[in-house]
Amino acid sequence: MGTVGIDHMAMPTANAEELIAFYKKLGFEINDEAEWRAGKASIFSIQAGDSKINVHPEGFTASLRGDTAVPGSADICFVWDGTSEECQQMLADAGVEIIRGPGPRKGARARGSLPAVSMYARDSDHNLLEWMVYL
């Protein structure tokens with residue numbers, strides 16, 4: 001037995017409303033949004049398959065978080081279940097600019113031996129986002 005995957009990661013945001021709107025435009029579900037808006041939860045999360053990204057809104061403080069965590073410091077790679085062209089269209093439809101790619105990349109699957117292409121963009125906090133498309 002050992003580590004088999006990533007359950008969640010966390011990132012701070014400078015503007016929770018803009019971040020929620022950005023990820024919703026891309027089709028992500030936001031967990032605990034209603035509870036957060038009602039003041040019943042201190043954070044919300046962005047669901048990505050079986051993993052999630054916990055978002056620490058403005059003013060959130062916790063003893064268990066990265067010492068130097070600041071908005072815009074995340075670098076996240078998502079796996080796209082479709083073609084590169086479909087991913088490009090999804091980003092275009094959401095008004096998200098691709099800043100690099102698509103181009104060949106080495107992903108995590110099969111220890112980097114599966115052929116893939118990826119494309120990069122930035123979210124509303126300027127976090128670096130990548131979409132990996134396995135061929």
Could you look at the chain and say what percent of its accessible area is carbon and sulfur, using a 1.4 Å probe and all protein chains?
50
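Assign unit charges at the C-beta atoms only (+1 for Lys and Arg, -1 for Asp and Glu), then state the dipole size of the chain relative to its Cα centre in Debye, rounded to the nearest 20.
Working: 12 positive and 19 negative charges, 88 e Å.
For this selection, approximately 420 debye.
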Folded to 0 to 90 degrees: helix 84-93 orientation relative to the chain principal axis, Cα
40
Degrees separating the helix 16-25 axis from the principal Cα axis of the chain, which is the longest one
30
With each label point set 7 Å from Cα along the Cα-Cβ vector, what nm distance links Asn15 and Ala94?
1.7
Trypsin sites (Lys or Arg not before Pro) in region 23-75 lying in a DSSP loop, each with at most 10 other Cβ atoms within 10 Å of its Cβ, come to Lys40
Restricted to region 1-96, the DSSP antiparallel beta bridge percent, nearest 5, is 60
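Counting each DSSP H run of 4 or more residues in the chain as -39500 (n - 2.57), what helix-only mean residue ellipticity at 222 nm follows after dividing by all residues, to the nearest 500 deg cm²/dmol?
Values: 3 runs with 25 residues, N = 135.
Estimated from H runs of four or more residues: -5000 deg cm²/dmol.
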Where the centre of each part is set by its Cα atoms, how far does region 1-55 sit from region 61-99, in angstrom?
12
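Taking a probe of 1.4 Å, how large is the accessible area per residue of the chain, in Å²? Present the calculation step by step, with values, prior to reporting the outcome.
Working: 8260 Å² over 135 residues.
Computed with neighbouring chains in place, this is 61 Å² per residue.
Rounded to the nearest 20 Debye, what is the dipole magnitude of region 1-56 about its Cα centre when Lys and Arg each give +1 and Asp and Glu each give -1 at the C-beta? Provide the component values of the computation, followed by the final result.
Working: 5 positive and 8 negative charges, 15 e Å.
That gives a dipole near 80 debye.
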Please state the relative contact order of region 1-65 as a whole percent: Cα pairs under 8 Å, 6+ residues apart?
39
If you take the alpha carbon radius of gyration of the chain and divide it by 2.2 N^0.38 Å, what ratio comes out, to two decimals?
1.10
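The values are calculated or read from the model by the stated rules, or taken from the named source; none is laboratory data. Just so it is clear, the structure is predicted and the values come from calculations on it, not from any experiment. Don't worry about glycine lacking a Cβ; one is built from the backbone with ideal geometry, like all the others, and counts go over all protein chains shown. The area values use the complete protein model at the heavy-atom level, side chains included, leaving out ligands, DNA and RNA. Shrake-Rupley method; radii C 1.70, N 1.55, O 1.52, S 1.80 Å.
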